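Trainee: Here it is: the structure, laid out below.
Please treat every number below as a calculation from the coordinates, not as lab data. Please read all numbers here as calculations on a predicted model, not as lab measurements. Here the Cβ positions follow ideal geometry from the backbone for every residue, glycine too, while neighbour counts run over all protein chains shown.
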Amino acid sequence: HAKRQGGDRTSLYRPGEIVRRDSDDLQADLAAALEGGEIELVYQPIIRLSDNTIAGFEALVRWEHPRRGSVPPSEFIPVAEESGLIVQLGLFTLERAARDLALWQAALREGPPLFVSVNVSSQQLLRYDLINDVKAVLARSGVAPETLKLEITESLVMQNPEFAAKMLEEIRNLGASLALDDFGTGYSALSYLQRFPFDTIKVDRSFVANNGSTARPVILRSIITLAHDLGMDVVAEGAETESDTLELIQLGCEYVQGYLYGRPMSSQMAHQMARRRQQP
Ligand code: C2E
Ligand code: CA
Ligand code: CA
Ligand code: CA
């Protein structure tokens, strides 16, 4: 930002210093939090629209900091990525989600098997040994590989498309499923679909929740048609009203996730809900 006239050097430099010191603190605290059990997973239901039952859950990480209170993932995931703590955090998340899924599946004897969707950060995919982590987690949990879904965001592929494609192929070879997250928000979304082996597209909530835009329903329809023509399923994110959902049903969308159906909840609550197989 522009330097102001005259004697206020402190106000010119202080913002950057505070941000840097704050994220250093956050990094040290995050390392301790991972050891100390302050990090937990919550689960948000994903509903199958054809029969209004729960198809699976997305695992979302939560950090309850003793002094700061709850720190949003949008703040600490970038810190984890910069510091390399994302490896530990990512393994924790995969491990815990697969373990919870195994418990839920064991209690459910009928109907299609539940899945769990786990977010994978770009650094995890590009810099670390994600394949071996997935392999180990599948073996330890005993869940059917296809019921473990990894959610990938578009931004990662920009960094190294060849390597990302290779990694994603290997994950598919292990039998796990792949979802392209936040579809429609990146720069080269269509080229991703050409290069990478996704099973599912998750449509970003900016195309799902009615915001009065006349382009929105046209884009939504096109994304769903595109996914189906490519043999992929669609999860619509961020449905908040009944009319959002009616529109999705009319467009032939398979799954929906959003506050209308349930906020992220504890694994115990997710378990109970899964047993009833009903929407909240
Ligand atoms: P995301 O993967 O797009 O996750 C969906 C986010 O939308 C979640 O926010 C969820 O609580 C929120 N959401 C769900 N339904 C609705 C709705 O109807 N309306 C609105 N306004 N929001 C809704 P959350 O939990 O704060 O997570 C934010 C982001 O942090 C996630 O976006 C994901 O990119 C990242 N994240 C969360 N957990 C993990 C994790 O375990 N690993 C990694 N690498 N990233 C994670
Ligand atoms: Ca996600
Ligand atoms: Ca998303
Ligand atoms: Ca997101």
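Trainee: Using alpha carbons only, what's the Rg to Rh ratio of region 43-90 with Rh from Kirkwood? Walk me through the numbers before you get to the answer.
Mentor: On the way: Rg = 15.1 Å, Rh = 12.9 Å.
On the Cα set of region 43-90, Rg over Rh gives 1.17.
Trainee: Oh, and also: What is the count of Lys pairs in the chain whose alpha carbons sit under 30 Å apart, if the two are 8 or more places apart or on different chains?
Mentor: Within the chain, the lysine pair count is 6.
Trainee: Do the sum for the chain: with -39,500 (n - 2.57) for every DSSP H run of n ≥ 4, divided by all residues, what is the mean residue ellipticity at 222 nm, to the nearest 500 deg cm²/dmol? Write out the running numbers ahead of the final one.
Mentor: Values: 10 runs with 133 residues, N = 280.
That calculation yields -15000 deg cm²/dmol at 222 nm.
Trainee: Arrange F76, F183 by Cβ neighbour counts within 10 Å, fewest through most, would you?
Mentor: Ascending number of Cβ neighbours within 10 Å: F76, F183.
Trainee: Which ordering of R67, R127 is given by a fewest-first count of other beta-carbon atoms within 10 Å?
Mentor: In order of increasing Cβ crowding within 10 Å: R67, R127.
Trainee: Hey, what D do you get for region 62-181 in µm²/s if you plug the Kirkwood alpha-carbon radius into Stokes-Einstein at 10 °C and 1.306 mPa s?
Mentor: So the translational diffusion coefficient is about 105 µm²/s.
Trainee: Turning to a different aspect of this structure: Two decimals, Cα atoms only, Kirkwood Rh: what is Rg/Rh over region 110-258?
Mentor: Answer for region 110-258: 0.98.
Trainee: Percent antiparallel among DSSP beta bridges with both residues in the chain, to the nearest 5?
Mentor: Roughly 40 percent of the DSSP beta bridges within the chain come out antiparallel.
Trainee: Next question, about the same structure. From Cα coordinates alone, what are the radius of gyration and Dmax values for the chain in angstrom?
Mentor: Just the Cα atoms of the chain yield Rg and Dmax of 20.1, 73 Å.
Trainee: Compute the distribution of all C-alpha to C-alpha distances in region 130-195, in bins of 10 Å from 0, and list the percent of pairs in each, rounded to whole numbers.
Mentor: With a bin width of 10 Å, the distribution comes to 20, 50, 25, 5.
Trainee: If you don't mind, another one. Within 10 Å of each residue's Cβ, count the other Cβ atoms and sort S83, S266 from fewest upward.
Mentor: Least crowded to most crowded, the residues run S266, S83.
Trainee: To continue, here is another question. Placing one identical point scatterer on every Cα of region 97-166 and ignoring solvent, what is log10 I(q)/I(0) from the Debye formula at q = 0.14, 0.22, 0.27 Å⁻¹?
Mentor: -0.50, -0.95, -1.20
Trainee: In addition: Could you work out Rg/(2.2 N^0.38 Å) for region 188-280, with Rg from alpha carbons only?
Mentor: Dividing the Cα Rg of region 188-280 by 2.2 N^0.38 Å gives 1.18.
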